[in-house]
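Here's the structure we're looking at; comments come further down.
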Amino acid sequence: MKTLLDKIWDSHVVKVIEEGPQQLYIDRLYCHEVTSPQAFEGLRARGIAPFRPEKIICMPDHNTPTHDQDKPIEDPVSRTQVETLEANTRMYGLTHYPMNDPRNGIIHVVGPERGLSLPGMTIVCGDSHTSTHGAVGAIAFGIGTSEVEMVLASQCILQQKPKAMRITVDGELGKGVTAKDLALYLMMKISTSGATGYFVEYAGSAVRSLSMEGRLTLCNLSIEMGARGGLVAPDEVTFEYLKGKPDAPKGADWDKAVARWRNLYSDEDAVFDKELRFDAADVSPMITYGTNPGMGMPVDSRIPADADAGALDYMGFEAGQQLLGHKVDYVFLGACTNGRIEDFRAFASVAAGRRKADEVVAWLVPGSWSVMRQIQAEGLDKVLEASGFEIRQPGCSACLAMNEDKVPAGKYCVSTSNRNFEGRQGPGARTILASPLTAAAAAVSGCIVDPRTLM
Amino acid sequence: MKQKFNIIESTCVPLPYENIDTDRIIPARFLKATTRDEKFFGENLFHDWRYKADGTLDMSLEFNDPRYGGEILVAGKNFGNGSSREHAAWAIAGYGFKVVISSFFADIHKNNELNNFVLPVVVSEDFLSELFSCIKADPSTRVRVDVPAQTVTNLSSGRSEHFELNAYKKYCLENALDDIDYLLEQKELIEGYERLCADNC
């Protein structure tokens, strides 16, 4: 009677420290340029090298510009950070996908799409959205830089085992309602701290029906509910997605792996510390009106009367206001939340045959070069270009504005990213989180629109 | 940085706001440093909150009120949610705080504080709201955090509470040891684990 969390976690415990945390073995460490330099610096200060270099994959993504990646980064500070990662990977012989390499992209998009993140694994990265990889049926969570150093030094981390929560969503998501809307709906219901201390397993027919891309979006946003991570038990959708990926097992190894992965599910009589149930039919296309992802509402609804006054002041909104028809200045499609091929298909399905509104600045940023190649293979680039959109080069981009893709103060951006915190997309920027469908509807209309009216 | 914890008694700096995320604690554009320069991060703690767009201090924020100071930061519930950036903990440590008191911390940030010898102390909502009132009424209000006894006391009201701290972490804090020191001693155990699960990992 074990939960899926128990099965994976317990099989990775090296040691239980009495009245303390557990020593957990880590199968995969991902490093990007922002949260790793001080960890490598720490290693050197201790006079040691990475313990298991073959289990470490590195790539820059936060600072990378979304144009002219074949040229050096203009901002000298960003360039130094990216070069520091490269120097560290050289020094220790670590796998590195540099900027503009065909394998490069946002770490949380690249890991699953290359089959580097596999069911049953423990996966960490100095990045809270590491929860994304849980969609393949893994325990994946974000850590701090000191913890990155722990894993570099010992391939282990000291952690309290999180409590187990199951969120079951049954039924069918309606027309125009995506995994992103489901996640924003869950946050609206349970708040940004509703799952703090827990690891969430997503279950139910609505979750089972999601594609791998949808599950990745859902698990990505687990951290925004406060959860350490989220995961979905692997099934045929998972195996179909992973089969043939460059770094997934091959041949007899694949068959053996799948046989093992089929045991990764919560036993029927497993007991969760907390269980929540929702009906997919209750979920509408969602937008946020405030300054944390839990401040969301159905796109055609009104801002709640008791909404946080400080947040509304920052956003320039009022309680009771309806946002349909509200002017939009920027649209951002991308990030580890919605930068995958399915997100570009969704955006293009609304944009096709329509024109980008002249006054809207649109940034369409694929999550990886692999996504970019797929966009081109499917001709989506042509569809989008015909509608007045330009596709940029991969990276984290305007999700957190560490490169030059910043939303100016006071401007409204409908964004498919994960956080609408004050200043997240640039000082004073006003972020409205939404799905790729809703973002596309805003981009062609110049204002907030219910995407169902354009489908 | 590594320091031994025993008893800390100090005045406090109040931040009576809930859901303070790590983007607020240290905005992303300050994350480009490649060294653990706590002074730099400390100077930019809560940067876009403390400073107005014209670069002057926003004196309406309690944090900027010169009457408040000390080694203890007191914040509203769900402190440190959002991004995993340890730079937030470096900024808090770099500014000179040794303790953060709140009624609720986000998981990753809480670990980051502990790994940087900043002690997150979880108190009840009642304790927190009384403490905010005491500090507001009298900025010289002192709080005593007794790590060996695991108690936190509002010396103005006399209210005292027990706080959670696991025995392992308490030992680390009292002896200025970090988790990496511990893990480096476990090499044989780790190699043994790897041999055992060679087929499954």
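Compute the Cα gyration tensor for chain B, then decide on rounded, prolate or oblate, letting a ≥ b ≥ c be the square roots of its eigenvalues: rounded whenever a/c is under 1.5, prolate when a/b is larger than b/c in the other cases, and oblate in all that remain. Judged from the Cα gyration tensor, chain B comes out oblate (a/c at least 1.5, b/c at or above a/b). Given Cα pairs under 8 Å that are at least 6 residues apart, what percent is the relative contact order of the range B:7-196? For the range B:7-196, the relative contact order is 22 percent. The packing ranking, built from the mean of other Cβ atoms within 10 Å per residue, places the peptides A:304-317, A:76-89, A:211-224 in the order A:211-224, A:76-89, A:304-317, highest first. For chain A, the Cys residues with no second cysteine's beta carbon closer than 4.7 Å are A:CYS125, A:CYS156, A:CYS219, A:CYS336, A:CYS396, A:CYS399, A:CYS413, A:CYS447. Solvent-accessible surface of chain B, averaged per residue with a 1.4 angstrom probe and all protein chains in place: 41 square angstrom.
Per residue, how large is the accessible surface of the range A:324-413? Use a 1.4 angstrom probe and give square angstrom.
35
Taking a straight Cα-Cα cut-off under 27 Å and skipping sequence neighbours fewer than 8 places away in the same chain, the lysines within cross-link reach of A:LYS411 are A:LYS180, A:LYS327, A:LYS356, B:LYS32, B:LYS52. Measuring heavy-atom accessible area with a 1.4 angstrom probe and counting protein chains only, the residues of the range A:157-204 that give up at least 30 Å² relative to the chain alone are A:LEU158, A:THR192, A:SER193, A:THR196. Excluding same-chain neighbours fewer than eight residues apart, the lysines reachable from B:LYS4 by a Cα-Cα span under 18 Å are B:LYS98, B:LYS169, B:LYS170.
Normalising by the residue count of the range A:1-109, find the relative contact order in percent from Cα pairs under 8 Å and 6+ residues apart. Don't skip to the answer; put the middle values down first.
Working: 121 pairs, mean separation 29.3, N = 109.
Dividing the mean separation by the residue count of the range A:1-109 yields 27 percent.
Roughly how big is the A-B contact, given as buried accessible area in Å² (both sides, 1.4 Å probe, nearest 100)? So the total buried area for this chain pair works out to about 4700 Å².
Protein heavy-atom surface of the protein assembly as shown, 1.4 angstrom probe: 49% of the accessible area is carbon and sulfur, with nucleic acids and ligands not counted. Per residue, the range A:254-315 exposes 50 Å² of accessible surface when a 1.4 Å probe is rolled over the protein heavy atoms with every protein chain present. The C-alpha atoms of chain B define a longest principal axis, and helix B:187-196 lies at about 60 degrees to it.
Neighbouring Cβ atoms from other chains, within 10 Å of the Cβ of residues in A:291-297, number 2 on average. With equal scatterers on the alpha carbons only and no solvent term, can you work out the Debye log10 of I(q)/I(0) for chain A at 0.07, 0.08, 0.13, 0.14 1/Å? With no solvent term, the Cα-only Debye profile gives -0.33, -0.43, -1.19, -1.38.
The values are calculated or read from the model by the stated rules, or taken from the named source; none is laboratory data. It should be emphasised that the depicted structure is a prediction, and the values quoted were computed from it without experimental measurement. Every residue, glycine as well, gets a Cβ built from its backbone with ideal geometry; the counts of neighbours run over all protein chains shown. Areas reflect the complete protein model, heavy atoms only, side chains present, ligands, DNA and RNA absent. Shrake-Rupley method; radii C 1.70, N 1.55, O 1.52, S 1.80 Å.
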